[in-house]
Amino acid sequence: MNTIGFLACETTLPGAGQRRGDAFEHDLMIGALEPAFSAKGLELRIIDWEAGLSEFDGIELAMLGTALNYQDKPDAFLTRLDKLAANGIMVCNPPEIVRWNASKTYLRELAEAGARTIPTLWRETVTARGVLEAMDTFETDRVVVKRQVGAGALGQELVSRGSLPPKQWEFGHPAMLQPYLPAIAEEGELSFIFIDGELSHALRKRPADGDYRIQSLYGGREEDYQPTPEEHAASQAIMTALPFDTPLYARIDMLRAEDGALQVMEAELIEPYLYPEQGPELGERLAAAISERVR
Ligand SMILES: Nc1ncnc2c1ncn2[C@@H]1O[C@H](COP(=O)(O)OP(=O)(O)O)[C@@H](O)[C@H]1O
Ligand SMILES: [Mg+2]
């Protein structure tokens, strides 16, 4: 029996005090993986990534799972992943991918490799004037200001010409500015889940009425989605542009530009939620891909 680690954290593990508002996603992932893994002779060990090192004994491969609090302590997280890897555990996705994926500046690299990305201005800080400049550059009235390092839409701002921030306002984090793409509220964001480089399933995520963030914490909802061959190809092209070997899992989030083409919003390679409800075969696909790796 091979033992597979599923790294979680204190706020996603059940029974550990106060859980995050989206901890139900952890439960859905485990519910999808456990039966498929045991059918393949894989034992799933769900473990806090900050647990004592000896608790990782016997684990052959560790998925990054729901280690969602790594954002608060990225250095400790990477130190731990390096340590696990040094101890012979196959870390999926590996620390070098985590380092590459931790700052959204990787989108620049993808663009250089030919991927369709959302037009973006990269700034160390943003003031009201910087927001206006972005509006002029993109010839638009609405821009989204995001952190280069961030997740879950944390600290994000949607600014329109009618609601400009006050003169002394400053964003205060290394930032990226993008035109607001109206497709988010109309069509939603499309996510493509790849296991070992092959499309497992796709889904569509829509924001709550009046919001533009699709995260479940803001009332976003998901639905099944059958991509067209062109959409599948657009997501596959992002996978092809990744500058390393095929990762065990990846989620490519895309949003439609005004010309109808899909542009990559994020390539999530650290601990993406993989939406098992929209992909009933996810557990089996992961179990099969992992079996290949630990053979
Ligand atoms: N340019 C944009 N146009 C419209 N909506 C956007 C844009 N950028 C981000 N959003 C919304 O904000 C959410 C979070 O942005 P994202 O880039 O995915 O960062 P993260 O998920 O890492 O916080 C997206 O899922 C989407 O709902
Ligand atoms: Mg996102």
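The values are calculated or read from the model by the stated rules, or taken from the named source; none is laboratory data. Owing to the predicted nature of the structure, the values given are computational and were not obtained by experimental measurement. FYI the Cβ positions are ideal-geometry reconstructions off the backbone, even for glycines, and counts take in every protein chain you see. SASA here: full protein model, heavy atoms, side chains in, ligands and nucleic acids out. Shrake-Rupley method; radii C 1.70, N 1.55, O 1.52, S 1.80 Å.
Backbone phi angles across region 174-190, fed through the Karplus curve with coefficients 6.51, -1.76 and 1.60 (θ = phi - 60°), yield HN-Hα couplings of x, 10, 9, 10, 9, x, 6, 9, x, 4, 4, 7, 8, 9, x, 9, 9 Hz in residue order; Gly and Pro are listed as x.
So what is the relative contact order for region 6-80, in percent, with contacts set as C-alpha pairs under 8 Å and at least six apart?
Dividing the mean separation by the residue count of region 6-80 yields 47 percent.
When the charge dipole of region 181-295 is built from unit charges on Cβ atoms (+1 for Lys and Arg, -1 for Asp and Glu) and taken about the Cα centre, the candidate among ALA287, TYR273, THR240 whose Cα reaches farthest toward its positive end is ALA287. Less than 5 angstrom separates the built amide H of LEU44 from those of ILE4, all sequence-distant by 5 or more or on a different chain.
By the helix-only formula, in which each DSSP H run with n ≥ 4 contributes -39500 (n - 2.57) and the sum is divided by residues, the chain has a 222 nm mean residue ellipticity of -8500 deg cm²/dmol.
When the solvent-accessible area of region 226-295 is split by element, carbon and sulfur atoms take up 47 percent of it, the probe being 1.4 Å. The angle between the Cα long axis of helix 282-294 and the longest principal axis of the Cα atoms of the chain comes to about 60 degrees, rounded to the nearest 10. With a/c under 1.5 counting as rounded, go ahead and sort the chain into rounded, prolate or oblate using the C-alpha gyration tensor (a ≥ b ≥ c being the square roots of the eigenvalues; past the cut-off, prolate if a/b is larger than b/c, else oblate). Judged from the Cα gyration tensor, the chain comes out prolate (a/c at least 1.5, a/b above b/c).
Just GLU133, GLU50, GLU25 to compare: in a GNM of the chain, with alpha carbon springs under 10 Å, which one fluctuates most? Evaluated over the chain, the most mobile residue of the options is GLU133. Pairs from the table (LYS40/LYS73; LYS83/LYS104; LYS83/LYS205; LYS146/LYS167; LYS83/LYS146) lying more than 29 angstrom apart at Cα are LYS40/LYS73; LYS83/LYS205; LYS83/LYS146.
Projecting the Cα atoms of GLY15, PHE192, PHE171 onto the dipole axis of the chain, where Lys and Arg carry +1 and Asp and Glu carry -1 at the beta carbon, places PHE171 farthest toward the positive end.
Roll a 1.4 Å probe over the protein chains and send me the accessible area per residue for the chain in Å². Can you show the working numbers first?
On the way: 13460 Å² over 295 residues.
Here the per-residue accessible area is 46 Å².
Compute the acute angle (0 to 90°) between the alpha-carbon long axis of helix 24-39 and the principal axis of greatest extent of the alpha-carbon atoms of the chain; round to the nearest 10°. With both axes taken from Cα atoms, the answer is about 40 degrees. For ILE30, the accessible area of its heavy atoms, probed at 1.4 Å with every protein chain present, is near 20 square angstrom. Helix 229-241 and the longest principal axis of the C-alpha atoms of the chain enclose an angle of approximately 80°.
Accessible surface comparison of LYS40, LYS104, probe 1.4 Å, protein chains only, largest first: the order is LYS40, LYS104. Under the rule a/c < 1.5 gives rounded, and otherwise a/b versus b/c splits prolate from oblate, where does region 19-172 land using the Cα gyration tensor? Verdict is prolate for region 19-172.
Shown is the FRET efficiency for GLU96 and TRP122, computed with R0 = 30 Å from the Cβ-Cβ distance and rounded to the nearest 0.05: 0.85. Packing around the peptides 160-167, 246-253, taken as the average count of other Cβ atoms within 10 Å per residue, puts them in this order, highest first: 246-253, 160-167. Note that region 114-128 has calculated 3J(HN,Hα) couplings of x, 6, 7, 10, 6, x, 9, 9, 9, 9, 6, 8, 10, 10, 4 Hz, one per residue in order, obtained from phi through the Karplus relation 6.51 cos²θ - 1.76 cosθ + 1.60 (θ = phi - 60°); glycine and proline are x.
Between LEU217 and LEU164, residue separation times 0.36 nm minus the direct Cα-Cα distance comes to 16.5 nm. Of interest is the spacing of the C-alpha centroids, which for region 136-191 and region 63-105 amounts to 28 Å.
About the Cα centre of the chain, how large is the charge dipole given +1 on each Lys and Arg Cβ and -1 on each Asp and Glu Cβ? Please answer in debye to the nearest 20. Don't skip to the end; give the middle numbers.
Numbers: 28 positive and 47 negative charges, 120 e Å.
Magnitude of the dipole: close to 580 debye.
As a length-normalised measure over Cα pairs under 8 Å and 6 or more apart, the relative contact order of region 139-295 settles at 19 percent.
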